Amino acid sequence: MYKKDGFTIIELLVVIAVIGVVATFSFASYSSIEDELSLEREMGEILGTVNTARDYAIASWYPKEGFLEDYLEDEDNAFHGGYGVAFDVDSSTYKLFADLEDEEGGSIDDVEIIETFEMEEVMSVESVDIDGSAEDRLYVVFRPPDLLVFFNGEDAIENDSEAVITFSYGGLDYTREISINPYGVSEYKK
């Protein structure tokens, strides 16, 4: 009999194969986690932009000319514009805008674009629903001073409407939603 000092080639090959299998699963898992984190980060930025538009509206109202005189005579005195966010289906951009002419987001041509945001290359708006009805776009506008909310030019509070924007991530099974209730409160849903 002879003394065994070390490993046989078979033992080394088995260990290398096991390490290879573990590394393959780890890399696949890491890639999936990286996509998930990118999606979560992007959703946080989108939700932050919607909340920014709402905050701008709350903080920036100013009365039209002759407000004090008209207010005493007319309690329905209107205020200038508001702020909003525009989403188009199948687009990888969204826009923060100022609605200076009381258009309530009737058209993107009637507003002043503050900033256009690019989502990650593989992410886009998959669908927009207002009260379960599919739309090609969503212009959500927040108008001061009482924070009136409009979805595509329609009064959300009066219609008790809710808007839901669904985002997809690169054709994978990753979809996420942001909902905005009639009072302007936005919520992120997985």
Go through the stretch 153-175 residue by residue and tally those that are modelled with pLDDT of 90 or more and within 26 Å of Leu39 (Cα to Cα).
6
Within the stretch 165-177, the residues that are part of a loop (DSSP other than H, G, I, E, B) and in contact with a strand residue (DSSP E or B) (Cβ under 9 Å, 6 or more places away or on another chain) are Gly170, Tyr174
Quick one: is Ala86 at pLDDT 85 or above and closer than 23 Å to Ile130 by Cβ?
yes
Those residues of the stretch 30-58 which are among the polar types (S, T, N, Q) and surrounded by 15 or more Cβ atoms within 10 Å (Cβ to Cβ) amount to Ser38, Thr49, Asn51, Thr52
For the stretch 38-47, state whether one or more residues are of a type in the set (Lys, Arg) and either under 14 Å from Glu187 (Cα atoms) or touching a Leu at 6+ places or on another chain (Cβ under 8 Å) (or both).
no
Residue count for the stretch 111-164, restricted to those that are in contact (Cβ under 8 Å) with a residue 60 or more places away in the chain, within 17 Å of the chain's Cα centre (by Cα) and either surrounded by fewer than 18 Cβ atoms within 10 Å (Cβ to Cβ) or assigned to a loop (DSSP other than H, G, I, E, B) (or both)
3
If you take the residues of the stretch 179-190 that are surrounded by 20 or more Cβ atoms within 10 Å (Cβ to Cβ) and not hydroxyl-bearing (Ser, Thr, Tyr), which of them is modelled with the lowest pLDDT?
Gly184
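The values are calculated or read from the model by the stated rules, or taken from the named source; none is laboratory data. This structure is a prediction, so every number in the text was calculated from the model and none was measured. In this analysis, Cβ positions are derived from the backbone assuming ideal geometry, glycine residues included, and neighbour counts consider all displayed protein chains.
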